[in-house]
């Protein structure tokens, strides 16, 4: 009988500890599978947690991140998108710790594609930490992406 009581207490404690983390910090949960220095694929839900929650503030852009980010809107069937992907991977390593890189598959995340009115891909969204984002459409060279990162994301503002 004592064995069963002990087993019941242990099972209760395991269940209690594992359930206590349910409903925790959404940002921590969304970021838990992300790799620094890589281009991480994100869903609409992750976008709302990590970048911008259009449901909370539909009329005002409030960036949820602390570092600037780049979001590559792409599709698996898009040849130029396939050519941009390795460039973005290189840039993610080059700007590790300074800029966060995400990618969004427009075929899987139609709501995000509509939200940003994506009609041509690749489309790159540059999101500064303290200003409104800017979209660039079409494929560019690595040097052009670097120039955009420097001017749109890393250039100090009058507020800094």
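The values are calculated or read from the model by the stated rules, or taken from the named source; none is laboratory data. Computed from a predicted structure; not experimentally measured. FYI the Cβ positions are ideal-geometry reconstructions off the backbone, even for glycines, and counts take in every protein chain you see.
Summary of computed values
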quantity	calculated
Search result, residues across region 38-61 that are assigned to a loop (DSSP other than H, G, I, E, B) and either in contact (Cβ under 8 Å) with a residue 40 or more places away in the chain or under 21 Å from residue 97 (Cα atoms) (or both)	38, 42, 43, 51, 52, 54, 61
Residues satisfying the stated conditions in region 130-140, i.e. over 12 Å from residue 73 (Cβ atoms) and in contact with a helix residue (DSSP H, G or I) (Cβ under 8 Å, 6 or more places away or on another chain)	134, 139, 140
Yes/no for residue 83 being under 15 Å from residue 39 (Cα atoms) and either in contact with a helix residue (DSSP H, G or I) (Cβ under 6 Å, 6 or more places away or on another chain) or modelled with pLDDT of 95 or more (or both)	yes
Residue check, residue 95 touching a helix residue (DSSP H, G or I) at 6+ places or on another chain (Cβ under 8 Å), crowded, with 18+ Cβ neighbours inside 10 Å and touching a residue at least 12 places away in the same chain (Cβ under 8 Å)	yes
Tally, over region 61-75, of residues that are surrounded by fewer than 21 Cβ atoms within 10 Å (Cβ to Cβ) and in contact with a strand residue (DSSP E or B) (Cβ under 7 Å, 6 or more places away or on another chain)	4
Any hit, region 4-22, residues being surrounded by fewer than 13 Cβ atoms within 10 Å (Cβ to Cβ) and at pLDDT 60 or above	no
Any hit, region 113-124, residues being surrounded by 19 or more Cβ atoms within 10 Å (Cβ to Cβ), out of contact with any helix residue (DSSP H, G or I) (no Cβ under 6 Å at 6 or more places or on another chain) and over 22 Å from residue 37 (Cα atoms)	yes
